[in-house]
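The values are calculated or read from the model by the stated rules, or taken from the named source; none is laboratory data. This one's a predicted model, so the numbers in the text were calculated from it and none came from an experiment. Note that each Cβ is placed from the backbone with ideal geometry, even for glycine, and that neighbours are counted across all protein chains shown. SASA here: full protein model, heavy atoms, side chains in, ligands and nucleic acids out. Shrake-Rupley method; radii C 1.70, N 1.55, O 1.52, S 1.80 Å.
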Amino acid sequence: PKLSEIRRTSKFAKDQVWERDTSYESWTWTYTVSEKGIEREELIPQEDWEPEQLEWYEAEVMRLHFGTWIMINGLPVYLNKYCYFFLQWFVLLGQPAPGQTVSRPAFKDVCLEYFYFFELCEGDRFCFGDIGIKGRRVGLSSMSASIKVLIGILESNTLSGIVSKTGTDAQEMYFMVKNGIENL
């Protein structure tokens with residue numbers, strides 16, 4: 001892409017690291033409706049959004065479908081849609097870091113490589129999945145849960161199974177997916 005289309009190009013190479021985009025927090029997305037004494041949140045109709053809000057939203061939908069480019073340590077790096085969604089929107093189970101309300105994934109090369117690999121498997125019509133051979137504490141379960149959430153958001157009428165060596169492991173995976181959806 002053009003250099004102007006790559007995020008973080010205005011920073012020095014040493015400052016070019018992954019940071020979540022939190023600009024969406026500056027806009028109002030919902031309003032409160034009170035019905036029969038019960039309050040609930042509803043989305044503000046798109047026609048009432050600010051122009052910058054709509055522009056950000058449309059760009060975000062494109063990033064969720066096609067990924068994005070970002071400068072990291074002076075090099076352009078492509079984050080495919082799975083890696084981008086994982087880093088930008090997915091919430092991990094577990095204790096948040098000090099000063100945070102939820103636990104978010106950190107950028108790691110192993111995440112980037114796994115999501116590239118998953119995209120290759122997904123694009124190959126002769127591939128029926130992958131068998132992950134990995135070290136402990138890599139985060140493969142969280143990455144897989146993130147993929148399931150993104151597929152559930154982007155595709156209609158989709159089913160996604162959870163297979164694991166034990167029922168307890170499958171239940172933990174289910175809670176990762178459930179937590180990811182609930183925290184969007």
Q. Of everything in the range 1-20 that's hydroxyl-bearing (Ser, Thr, Tyr) and not in a helix (DSSP H, G or I), which residue is surrounded by the fewest Cβ atoms within 10 Å (Cβ to Cβ)?
A. SER10
Q: Consider only pairs whose beta carbons are under 7 Å apart and that are at least six residues apart or on different chains; among these, list those whose first residue lies in the range 12-31 and is without any contact (Cβ under 8 Å) to a residue 40 or more places away in the chain and whose second residue is open to solvent by 60 Å² or more (accessible area, probe 1.4 Å) and of a type outside the set (D, E, K, R).
A: TRP29/LEU43; THR30/LEU43
(Q) Yes or no: the range 155-174 includes at least one residue that is among the polar types (S, T, N, Q), exposed (fewer than 14 other Cβ atoms within 10 Å of the Cβ) and assigned to a helix (DSSP H, G or I). (A) yes
Q) Restricting the search to the range 127-154, which residues are within 15 Å of PHE117 (Cβ to Cβ) and not in a helix (DSSP H, G or I)? A) CYS127, PHE128, GLY129, ASP130, ILE131, GLY132, ILE133, LYS134, VAL138, GLY139
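With the structure loaded, tell me whether GLU41 is charged (D, E, K, R) and under 25 Å from ILE181 (Cβ atoms) or whether it fails that test.
Numbers: charged (D, E, K, R): yes; under 25 Å from ILE181 (Cβ atoms): yes.
In short, yes.
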